[in-house]
Each structure stands twice: as structure tokens, then as C-alpha cells.
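K.L.:
Please read through the structure below; I'll follow up with questions.
Here, each number is a calculation from the coordinates, and none is a lab measurement. Keep in mind that this is a model prediction, so the values were computed, not measured. No Cβ is skipped: glycine too gets one built from the backbone with ideal geometry, and neighbour counts run over all protein chains shown.
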Amino acid sequence: MKKYFKFLLLSLFALVVFNSCTKDDPELYPSTLVKGAYIVNYGSFQKGGSSISKYDYDKDVVTNFFDQQQNKGSVFASNIQFAYKTGDNIFLMGNSPDQVISVDPLFVQAKNGVSDKIAKPRSCIADGKYLYVSCWGENPDWKLMPNSYIAKYNIETKVVEKKIELAGGPEGLEISNGKLYVALNFKKAVAVMDLKTEAISYIETPAVCSYFLKDNSGNLYVSLISSYSTPATQTGLGYITTSTNVLTVTPLENVSTEYASIMAFSKDKSKIFVAAAAYDANWVMVGGIQVFNLATRKFESNALVSGISGLKGLSVNPVDGNIYVFVSPSTTNNGLMKIYSEAGNAIAEKTVGASPTMAIFLN
Amino acid sequence: MRRFFLVQLILVITSSAFAQHNNLADTIMLHEVVTYAPLKKYQAGAKIEPIPGDQMIIGQAGSIDQLLMRFTPVYLKSNAGGLSTIHLRGTSPNHTSVNFGGININSLTLGHSSMSEVPVFLFDEIDLQYGSSSAINGSGSIGGALHLGLANNWTNGMKLKTTLSEGSFGEQLYGAKLFAGNGRFESVTRLFYFSLKNDFPFNNPKIGDVEHPGTIRDRQRGAAIENEGVIQEINYRFNEKEALKSALWLEHDWHEIQLTMNEIWTPKVPETLDNKHIRFWSEYENRKNPLNIRGGLGYVHDMQVYDGDKKQKIGTNRLIAEIEGRQDISTRLGYKLGVKYQYIKPDVYAYSADVIKQEQQADFYFSSFYTAWNRLKLTLNLRQLFVTNFEAPFTPSLGAEYRVFSTDYSVFKLNGNISRSYRIPTFNDRYWGTQGNPNLKPEDGMNYELGLNYALCKENIQSDVKLNVFYMDVKNWIEWRLGAVDWTAQNVMEVESKGIEFQSNTDWTVNKLKFNFRINYSFNPVETIKDESPTGVTGRQLLYVPKNIGNTYLRLNYQLWNVFADGGYTGKRFADYSGSYYMPKGYELDSYFLANCGISRKLSLFKQSVFLSFALNNILNTDYQNERFYAMPGRNFRIGLSTDINIH
């Protein structure tokens, strides 16, 4: 009997030991290196899949699920719409649940996101201790967006101090000359808010807007798009002289209606790359990257890259000037990051997370 | 609508209370169900299974989604709120037509019906057809079809059936069916009201809570449901071979769009969906001459309002007319041919009147059967649809049923079916804002099926065992993908679905004990074999399609008592292909097993029948997700009272 008991004990011990050695899950090796390109993968709305992929362009290595690696395997509850770095904070705009998540430059999240007074956050920009967050509001009508607003978030106290009403579906944001410029995605206008008085005025546009780029003189380029809720006949790239708030438009058809990163400056800021479709030789509409020359203020006649289906956005590496083009026709599959030189030569293609939308570059 | 409904319900119940309980013979005999018999006649080799009456009674407090998930080997992607879509043989929800009379009730804008908005209580029989049947049912029947049947009772007298049930988490069902007639004229009124608060507790893993990681006990909010409906039938029988039947179905379904587990701790107010439907079908049938004539007229109004915003209405109006001639040249040979015309007018805020004002569709069809050597039955179906500004494929199907052997107590049959199927794209696919794609091709499928059927019928035991293997290939599968500028519907995939289905149904009588035992199992690998997207995934099981699904059901009847138990297993399902750190090849939802049981007793009060029932659902308190991030209820109960009253 005693012999059997010992055998049983030994068996149990062996079972425990071998079970402990079972390697069901890959181990986590959090990175301590910051430098790299961080790709925001939106995932599928309300269905998860959002993540950050890190691309170490020096070593040509992609680490998918980088955020989970840095946070003990924890996944984002939200779909990350937009990422923005200011100081030592990276702010992530999370959808469903709606929240503003703050992580450090290693993408470690120490505190829960802020959801109070944050409803459908889209984009953000910092001015001193405040982060201005464009929000579409609770239960939007997807037509006029009467309840959309700008949330004024105190970075130090981590509290939304104020909701500044702004109908029209605010999307991209930029600050110039003490004013907050807001691209309205459901109204043919750019809203201009004085940061001191918070008084709002409007610049009329021929189409709804999505994002801004600020040139070296503080003037703004704004993307003008035709959306299903607010169609427009004239789309393209607008230029706002911020001292006068006068808009001039360079037409370009079929500008991408995607979000987060549909245009970017070249490394030397001499060009703007814009995601826009055009007809190919067979009169088939194909996605591509059009080039706006800042010197001539015209679009080049040929696309830098064409024939891309499912183009989500693009970012430019400020170190080497390479263009990262994000491709993802579906929200439930892995996306692609296609890397091109500034001249449009294909360099590499990397698999990233689901629905990649943009990249931020950290050093 | 709700007030009208409640007044009607009270009137019906009150009338029964004051009714005299005289000796009325049970004049209601379920001798013909509208859908089933004619379907089998022209579809040899097709697998069409009725949901048994006892299971319909168990599921009558809910919607058809719960019924199918519990008692058939069919997967439905559903949450606890009001959204539930069928994936019959791994196909998409748009690939199952749902037929009521001559109407396919699927939304013409979305392409499918939410199965949680099809109430079981209103119908006498529900038949499930597995596999392609476009040659019979028209566009959309790639994976199969559901047939919602009303029995023609030809009531002589008055009869009232009422049902009342209360369940956990605020579930209520009130229903009544009033039959009145003189044997020639008949009026049948069916009413129901169903509501569910759905405030059930569940284990919330609180994903994203980095300050307090770990699972907590939480409570669902924002998942309430309120459905109500009425079907009014007016039927008149001129003689044994000539009748006019009409049914008007009004349905109002409202539900909150269930908040995910991740959202319930935020201040988010749930959005709502409000669906109103008017469905009318009237049919005249004349079988006096060798050439039988059947003609039908119908009207359908569908309207969906999102979150109470009436500017965002999505609706269609349809007029339907059908005429059919049918002749049995002999008992061995027969045919039917007909035409079905639809005039459709969309009313959708996102459609431009310049692009779509109306659409017309005309289906021409021919069906025939031939029986040879008393052993072999062959059927041929041909269909061609013509659509305004769209080209639909010619759709044939060929079926065969061969009796291999039969004895005094058993039959063994072999059957097979080859059918082409198609689906014309939905209105949204073609006309939604600037994203609609009028250049889409129809989805185009081929279905091959082989089945074995063994039936045993002895004095104390009857058993029916079926084994089916099938292969389906669907080209030009439509998905919404990001295109050159925006999201558009595109023909991007070719999907292959194959599998084995096993079903058995056994009745066994021992003295006064009657057993019924059923087993359903399906093994169904479904893969995309071609995807034209640069990131398309091929060679993997389709999202939200389990490879393995099965269930079993045991009912025991002893005199006036009925006891049942059922259990269902749903295998793992991919929720996405992008995955996570721990599931880099795609996020897989866990498999789960649900068990339920119940008991009912028939009583006789004042010579009328009263049924009391009690059911316990999810008795193992299984914690599971059918759709990722959507909580499902744990153990819950339902208590019911039904009456079957003869009046006058």
C-alpha cells in the first residue's frame, strides 16, 4: 500500500512538474528600446484586433503586438483611432469604449484611459498643458453631427475640463497663430477657435475636410474630400494662410476618405504625398499616392505609386524619408506596410496588424 | 402600435373568459401546412427538415435563433441583444432565404433577416432546407432556406390558444391565437408581445483595465428587447379544390444595440434599432381542372430606423405577383411552371434618386418530377431571373431519390442533388451613397449533395437516421472592402464549403413511457480558396463558422407529463485573422456546451386543456461568448402557462 502511495505521489509530482514546463504561451520580453516606427492598427470596430506594431527600420525587424508585449499581454479594449506624441506621453484615441489612453514612449500603460466626457474621440493636438481632442459625441446622426465637440483635456490632472461645442464632426486638428484649426468632416468648413477666448469662426470650404499639415511658415494644408454623407464636386488640397484665414484650393479628384494619415510631408517638406485614387490606363479606378509640389503648388501629373487597393494611409519616416504606405482592404485580416523610397521605388513589404492607419516615429 | 396590440390582446383574452365552455369537438386539425409538402414534391434529394412540434413549443417564448441553435446543427452568430444571423453550411446570412407564403422576408437593403426578429409563436411549422435551392426559392438561397408555415385548419367553431410566460432577466411573453370559422370561412388571429430586460450578471474580464486587472462579476445593461406582432389570416374555401387564403403579418421589433463587455462600464448610452414590417400575402388556388392554377399577390413594407433618428430611415416597399400552373400528368410525372414579378421601391436616406428609383424583377421557373420503377424519383428545376439593369444567371437543379431497399419495417434511401445557386447583390451593395457598386456580379454557387436515409418502424420503436455529405463552391462572394477611395462592395472571394451532417430521430415506447431522442451533428470546413485582396486570407476556416457543432435532445412523455433535456456543443470559431500576442494566427473564441431541461404538465380545467411548464436554461451556468466581447446569460429559468380553449 505504502509503495502504491509513493508511486502515486511521484506521479502527481511529475504531473505538476511537466505541466509547469508546458509552454502554451510565448514568453513576453518587453523592449527597452524606443527608437523606431510605431504603426497604429485600428482592428475591427467593436470586435477587437487593435494593436501597435513596431518597425525597427535600422534592423529591418517588425514586432507585431508590441503594445501587448510591453503590457504583460494585455490587449486594448478600444480600437485605436489615432496616436499623438507630446512630451513623454503618447496619447491614443480609443473608440468603443471611447477613451483617451496615455502610454509612455515604451508604450507601457500605467493608468486606465480617461472616458469621462470623451465620446468618439478622433484626433488630438497639444497646446501647453492641454490636449484638445476632437470628439463626435454620443450617438451621432452621421449627417450634421450636431452634438460633436472639442474636449479640453488637462494633461497634468488627466481630467477633461471642458467640452467646447462644435457641430459638424471635428476631425483633424492643428494649432497656428494662437488658434486651433479644426477640420470638419460633416460640414464644408474649417472651424477656427481662438485658444484664449474660445470664440469660433469658420472658413468655408468646397468639400468636407479631414486633416492638416503645417508648413514652415505656419500656414496649413487641408485635405478636402467627398464623403457619402456630404458629397462634393470639388475635392483636393486646400491651403489656408493663417494670418488672413484665406483658403486657396488645388483640385485633386478622389482624395481618400480614410482617417488618420491620408497625407504627409516629404522629409524636406518640399512635397506633400496624398492618398488619392486615379484611373489607370484601362480606365479602372486604382488607389495611389499623388505628389503635390510646394514650389509649383501643383500636383505632379503622375502618381508616385499607383495600383493600390485598400490604401489606408501613409506616413513618412523623418529619418530616411521613406514612405510607409498602409494597406488593408479588410478589418479582420493582417494589414501590409509597403515601404517606398521618396522617388517611389518599392523597398520592402511588411505584415503588420489589422487595419493599419498611421505611424508615429520615436527616437 | 404597442397600445393597439395590447388592446387586441386584452380583447381576445377577455372573450375567452366569457366564453361558454360547451362541448365543442376539436375542430382544428393540422392537415396541411402551407410550405412543406409542395417543396418536397419537386425537390427529390433535397434535405428539408421540419422543426418538431414539441421543440416549437419549448422554443415558442423566444425567437427562431434560439430554436435553431438548440435543435438543429446550424450555427447562428448572435449576441444576447437583438442581433442574430444565420450561417447555414458556413455561408453568410445573406445566403439563407426566409420564406413566408410567396415572400422572401429578407431585407432587400441588408440582404438578410435578424433571426431574433422571427417569433416562433406565430407559426405552426418551421421547415429548414439545407443546401442551395435558388432554382426553387430564387436569389439568395445559396446556403439554404427557412420556410415559415401557417397551417390551414378550416376551423368549424371557435378556438383560443393563449400563452403566458415569465422568465429570468425580465423576460415576458404574452401570446394568443384565435381561430374562428364555419368550415368554409376561417379567420385566424395570432398575437404576441415579447419583452426582455436582459440585465443578466456575467463575468467581465475587464480588458483594458490596467489598474485593476482580473475578472469581476458585472451586470449587462443596454441590451433590452421589445418585439410585438400580429398575423391575421382570412381564408375561404369555395370547395375541396378551390380556396382563397390571405395572411397579413404586422411586426414591430425594437432593441437596444447590446453594449459590449468593454463598454458597459463607460457612460455610453446604447443605440437602438427599430424595425417595422408589413407583410401581406394572398393566394388563390384552383385544383378543379387537370391544370391546377395558383395565383398570389403580396405587399411588403420594411422600415428600419436607427437610434430614433427618422432621417436615417432604411426601407423598401415591394409589390409581388405570382401565377403558377401545375399538372400531374400521371402519378409518376408532373410539372409546374410559373412567373413571379416584383416591383420594388426603396426608401433609403443614403440612396440617390438619380441612381435608383425603382427596380423590377421577374422570375420564370419550371419544375418537374418523374418516378421510375417505383424506386427512383427524379426532379428538375429551372429558373431564370430578369432584373432591371442587372444580369442574373440561369439556375438549374437536378435531384434524385432512390429507394435501395424496403422491408415490412424499414426503408433505406439514397438521394442526391446538384444545384446551381446565385444571389443578386443587395440594394445597399449596389446603391449605398457613393460607395454602392452597380458593377457587381451576382454571387454564383454550385452545390453537390449526397444523402443516406434509413428509417425503421416497428411497434415500439421508430427511428430515422440521415447522413448527408455536401460540397459547395461559391464564386464572386461579395464583401465590403476598402477599394481605391472608399469602402465598397466587391466580388472578392471564392469560398468552398464542404461537410458531413448526421441526424437521427428515435421514438421508443415502453409501456406508458414514450421517449424521443434526437442527435444532430455537423462537421463543416469552410474556406476561402481565392481572395483578390492583397491581404486576403485563404485556406483558413471562415470567421464565425465552427467546424464542429452538434446537439442532442431527449424527451420523456408519461401520461400528462413531459420532461425534456437538451444540450448543444459549439466548436471554436475564429473572430478575426489578425489575432493577438497569444493567438498570432487569429483570435479564436472558445468552444462551449450549453445544457437545458424542462418539465410540463397538461391539466384539464372545465374540460379545457391547460399546460404548465418550467424550463431551466444553461443549467451548467456556462460562461461563454458567441460573438466576441458580447456577454451571454448564465443559468436562467422560464415558467409558462398555456391554454387550449374551445369556445361556443
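K.L.:
Which value at 222 nm does chain A reach when only helices count, each DSSP H run of 4 or more adding -39,500 (n - 2.57), with the total divided by all residues and rounded to the nearest 500 deg cm²/dmol? Don't skip to the answer; put the middle values down first.
P.N.:
Details: 2 runs with 25 residues, N = 363.
After summing the helix terms and dividing by residue count, I get -2000 deg cm²/dmol.
K.L.:
In the range B:321-454, with Lys and Arg counted as +1 and Asp and Glu as -1 at Cβ, which of these residues, B:F364, B:Y343, B:N415, has the Cα nearest the positive end of the dipole, that is, farthest along it?
P.N.:
Towards the positive end, the residue furthest out is B:N415.
K.L.:
Over 29 Å between Cα atoms, which of A:K120/B:K572; B:K413/B:K514; B:K357/B:K530 qualify?
P.N.:
Details: A:K120/B:K572 32 Å; B:K413/B:K514 27 Å; B:K357/B:K530 35 Å.
Cα-Cα > 29 Å for A:K120/B:K572; B:K357/B:K530; rest within.
K.L.:
Between B:L333 and B:L554, what is the FRET efficiency for a Förster distance of 35 Å, r being their Cβ-Cβ separation, to the nearest 0.05? Before the final figure, lay out each step's value.
P.N.:
Details: r = 43 Å, r/R0 = 1.23.
My answer for the efficiency is 0.25.
K.L.:
Taking a cut-off of 24 Å, what percent of all Cα-Cα pairs in the range A:135-236 are separated by more than that? Let's see the in-between values first.
P.N.:
Working: 1139 of 5151 pairs.
In whole percent, the long-distance tail amounts to 22.
K.L.:
Calculate the mean, over all residues of peptide B:477-483, of how many other protein chain Cβ atoms lie within 10 angstrom of the residue's Cβ. Please report the intermediate quantities before stating the final value.
P.N.:
Numbers: counts 0, 0, 2, 3, 6, 14, 8.
Per residue, the average neighbour count from other chains is 5.
K.L.:
Let me know the charge dipole size of chain B about its Cα centre in debye, to the nearest 20, where only the beta-carbon of Lys, Arg (+1) and Asp, Glu (-1) is charged. Don't skip to the answer; put the middle values down first.
P.N.:
Working: 67 positive and 65 negative charges, 301 e Å.
Result for chain B is approximately 1440 debye, rounded to the nearest 20.
K.L.:
In whole angstrom, how long is each semi-axis of the equivalent ellipsoid of chain A, when you take the square root of 5 times every eigenvalue of its Cα gyration tensor and sort them from largest down?
P.N.:
Details: eigenvalues 337, 129, 66 Å².
Semi-axis lengths for chain A are 41, 25, 18 Å.
K.L.:
A further question follows. Could you pull out the chymotrypsin sites (Phe, Trp or Tyr not before Pro) across the range A:277-331 that fall in loop regions by DSSP (anything but H, G, I, E, B) with no more than 15 other Cβ atoms inside 10 Å?
P.N.:
On the way: sites: A:Y279, A:W283, A:F292, A:F299, A:Y324, A:F326; in loops: A:W283.
Listed in order of number, the matching sites are A:W283.
K.L.:
Which chymotrypsin sites (Phe, Trp or Tyr not before Pro) does the range B:403-465 hold that lie in a coil by DSSP with at most 14 other beta carbons within 10 Å?
P.N.:
Working: sites: B:F405, B:Y409, B:F412, B:Y422, B:F427, B:Y431, B:W432, B:Y448, B:Y454; in loops: B:Y409, B:W432.
In loop regions of the range B:403-465 (DSSP not H, G, I, E or B), the sparsely surrounded chymotrypsin sites (Phe, Trp or Tyr not before Pro) are B:Y409.
K.L.:
Would you mind checking which residues have amide H under 5 Å from B:K441's amide H? H placed 1.01 Å from N; only 5 or more apart, or other chain.
P.N.:
B:N491
K.L.:
Evaluate the distance, in nm, between pseudo-label points positioned 7 Å from the Cα of B:K602 and of A:D116 along their respective Cα→Cβ axes.
P.N.:
It works out to 6.3 nm between the two label points.
K.L.:
Cα-Cα over 27 Å: which of A:K179/A:K338; B:K47/B:K336; A:K85/A:K350?
P.N.:
Numbers: A:K179/A:K338 36 Å; B:K47/B:K336 21 Å; A:K85/A:K350 24 Å.
Exceeds cut-off: A:K179/A:K338.
K.L.:
Could you tell me the center-to-center distance, by alpha carbons, between the range B:244-288 and the range B:366-413 in angstrom?
P.N.:
34 Å
K.L.:
Shifting gears a bit: Per the Kirkwood treatment, what hydrodynamic radius in Å, one decimal, follows for the protein assembly as shown from the mean inverse distance over all distinct Cα pairs?
P.N.:
Across the protein assembly as shown, the inverse of the average 1/r is 31.2 Å.
K.L.:
How far is the Cα center of the range A:309-363 from the Cα center of the range A:81-98, in Å?
P.N.:
19 Å
K.L.:
Report the Cα-based extents of chain B along its three principal axes, largest first, to the nearest Å.
P.N.:
70, 53, 52
K.L.:
Something else now. So between B:A353 and B:A400, what do we pick up on full extension, going 0.36 nm a residue minus the alpha carbon distance?
P.N.:
Working: separation 47, 0.36 × 47 = 16.92 nm, distance 4.70 nm.
That pair, B:A353 and B:A400, stretches by 12.2 nm at full extension.
K.L.:
Take the residue pairs A:K35/A:K298; A:K312/B:K498; A:K312/B:K547; A:K188/B:K310; A:K47/A:K312 and return only those whose Cα atoms are more than 27 Å apart.
P.N.:
Values: A:K35/A:K298 35 Å; A:K312/B:K498 35 Å; A:K312/B:K547 33 Å; A:K188/B:K310 23 Å; A:K47/A:K312 19 Å.
Pairs exceeding 27 Å: A:K35/A:K298; A:K312/B:K498; A:K312/B:K547.
K.L.:
Loop by DSSP (not H, G, I, E, B), at most 11 other beta-carbon atoms within 10 Å: where is the longest site-free stretch of chain B for GluC sites (Glu not before Pro)?
P.N.:
B:241-458
K.L.:
Treat every Asp and Glu Cβ in the protein assembly as shown as -1 and every Lys and Arg Cβ as +1, leave all other atoms uncharged, and give the resulting dipole magnitude about the Cα centre to the nearest 20 debye.
P.N.:
Working: 100 positive and 96 negative charges, 383 e Å.
Approximately 1840 debye in magnitude.
K.L.:
Specify the angular offset, from 0 to 90 degrees and rounded to the nearest 10, of the alpha carbon long axis of helix A:2-21 from the longest principal axis of the alpha carbons in chain A.
P.N.:
Roughly 20 degrees between the two axes.
K.L.:
Suppose we take every Cα in the range A:191-326 and form the convex hull; what volume per residue is that in Å³? Don't skip to the end; give the middle numbers.
P.N.:
Values: hull volume 17.0 nm³, N = 136.
Residue-normalised Cα hull volume stands at 125 Å³.
K.L.:
As an exercise, identify the chymotrypsin sites (Phe, Trp or Tyr not before Pro) in the range B:579-648 lying in DSSP coil whose Cβ has no more than 13 other Cβ atoms within 10 Å. Can you show the working numbers first?
P.N.:
Working: sites: B:Y581, B:Y582, B:Y587, B:Y592, B:F593, B:F606, B:F611, B:F614, B:Y624, B:F629, B:Y630, B:F637; in loops: B:Y581, B:Y582, B:Y587, B:F606, B:Y624, B:F629, B:Y630.
Answer in residue order: B:F606.
K.L.:
Another question about this same structure. Which Cα, out of B:L68, B:I86, B:G102, lies furthest along the positive dipole direction of the range B:37-141 (beta carbon charges, K/R +1, D/E -1)?
P.N.:
Projecting each Cα onto the dipole axis, the largest value belongs to B:I86.
K.L.:
What is the sum of charges, Lys and Arg at +1 and Asp and Glu at -1, for the other residues whose Cβ falls under 11 Å from the Cβ of B:G298?
P.N.:
On the way: positive: B:R279, B:R318, B:K340; negative: B:E283, B:E322.
So the environment of B:G298 carries a net charge of +1.
K.L.:
For chain B, what is the mean residue ellipticity at 222 nm derived from helices alone (per DSSP H run of n ≥ 4: -39500 (n - 2.57); sum divided by total residues; nearest 500 deg cm²/dmol)?
P.N.:
Details: 6 runs with 45 residues, N = 648.
Mean residue ellipticity, 222 nm, calculated: -2000 deg cm²/dmol.
K.L.:
Can you compute the modelled spin-label distance between B:A372 and A:A232, with each label point 7 Å from Cα toward Cβ, in nm?
P.N.:
For B:A372 paired with A:A232, the spin-label model returns 6.9 nm.
K.L.:
If eta is 1.306 mPa s and T is 10 °C, what Stokes-Einstein diffusion coefficient results for the range B:122-234, Kirkwood Rh from Cα pairs, in µm²/s? Mind showing how you got there, number by number?
P.N.:
Details: Rh = 18.3 Å.
After rounding, the answer is 87 µm²/s.
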